[in-house]
1. Show the residue pairs that are 6+ apart or on different chains and have beta-carbon atoms under 9 Å apart, the first residue being within segment 193-209 and over 14 Å from residue 166 (Cβ atoms), the second being modelled with pLDDT of 95 or more and acidic (Asp, Glu).
2. Taking the condition of being surrounded by fewer than 16 Cβ atoms within 10 Å (Cβ to Cβ) and aliphatic (A, V, I, L, M), how many residues in segment 147-187 meet it?
3. Out of (1) within 21 Å of residue 130 (Cβ to Cβ); (2) surrounded by fewer than 20 Cβ atoms within 10 Å (Cβ to Cβ); (3) at pLDDT below 95, the odd one out for residue 31 is which?
4. Kindly indicate whether any position in segment 72-79 is among the aromatic types (Phe, Trp, Tyr) and in contact with a Ser or Thr (Cβ under 8 Å, 6 or more places away or on another chain).
5. Identify, please: which residue in segment 64-77 is crowded, with 22+ Cβ neighbours inside 10 Å and hydrophobic (A, V, I, L, M, F, W, C) and is, among those, farthest from the chain's Cα centre (by Cα)?
6. List, please: which pairs have Cβ atoms under 9 Å, are six or more places apart or on different chains, and start with a residue in segment 133-147 that is in a strand (DSSP E or B) and end with one that is surrounded by fewer than 17 Cβ atoms within 10 Å (Cβ to Cβ) and modelled with pLDDT under 95?
7. Name the pairs whose Cβ atoms lie under 6 Å apart, with the first residue in segment 40-51 and in contact (Cβ under 8 Å) with a residue 24 or more places away in the chain, the second in a helix (DSSP H, G or I) and of a type outside the set (Phe, Trp, Tyr), and 6 or more positions between them or separate chains?
Amino acid sequence: MIPPAPLLDVPSPEALRSAADRLVSALVAHTDPEYRLTVLKRLVRRLGEERYPLFLRILGVVAESGDERAQRLLADTFGTALRRMDLPGGALSSWGATRLPDQATPVAASAFSGQFFGATPRRMLGPVEYLTVWHLQRTQRTALGAETFRASLGSMIALLNHSGDARALYPQKLAADAHSELEGAYTRATRERLAVIASAWKSGLPADAVAQAALDAAAGDTPHGWVVRHL
């Protein structure tokens, strides 16, 4: 079964629920964890790099659904991804490091693809890392607001906690990322915040408390005057 086709840029709640239902149905249809991961990554690929936040919103629908079977199935698929070190991820580019096109030349929307930002050191970011970078660093996206970051992070962690593997392995990955400066993907503030998330998550705090700890860690990291948006 093929996962949902790309949705509109501003999907309705009904469209999001439909996409989430189709994703869960695609996962349920297969018992092989590796194939389920393929389904999840195929969805990310079909949505496209610039629409990774839409993928996060689809995950959020499942997280808020109250369907524990669906939540466990999705979380277990992320557990498989973590064991393989192959998280379905999205990329964010550092602000100011991009090559802007000549203003005299018409620019198609397709120009703003992964290749357009190819000069910037990049790597694929899993859901938790993506939310953190989006909130803290200047990227090609309008910054993610603090309360949206907290709510989205809490929902994501609550979803992932339905899998023992995801609950154990994801904080380990974040802790490792917090001590790595490879590729320049993270600023110092981001690495510090990832370390806080990893520590709080490992300690067994509730998901909302982990998200609040991440928000409280350094409230002044985001410069004043930033324009922020909701997920």
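The values are calculated or read from the model by the stated rules, or taken from the named source; none is laboratory data. Since the model is a prediction, treat every value here as computed from it, not as a measurement. Here the Cβ is made from the backbone with ideal geometry for all residues, glycine too, and neighbour counts use every protein chain on show.
1. Listed pairs, sorted by first residue: 194/129.
2. 3
3. The single condition residue 31 does not satisfy is (1).
4. yes
5. Here the answer is 70.
6. If the second residue must be surrounded by fewer than 17 Cβ atoms within 10 Å (Cβ to Cβ) and modelled with pLDDT under 95, the pairs left are 143/226; 143/227; 143/228; 143/229; 144/228; 144/229; 144/230; 144/231.
7. Here the result reads 40/77; 47/54, each pair linking segment 40-51 to a residue that is in a helix (DSSP H, G or I) and of a type outside the set (Phe, Trp, Tyr).
Let's see how each residue does on (1) at pLDDT below 95; (2) exposed (fewer than 14 other Cβ atoms within 10 Å of the Cβ); (3) over 16 Å from the mean Cα position of the chain (by Cα):
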| position | (1), (2), (3) |
| --- | --- |
| 50 | yes, no, no |
| 62 | no, no, no |
| 81 | no, no, no |
| 87 | no, no, no |
| 98 | yes, no, yes |
| 102 | yes, yes, yes |
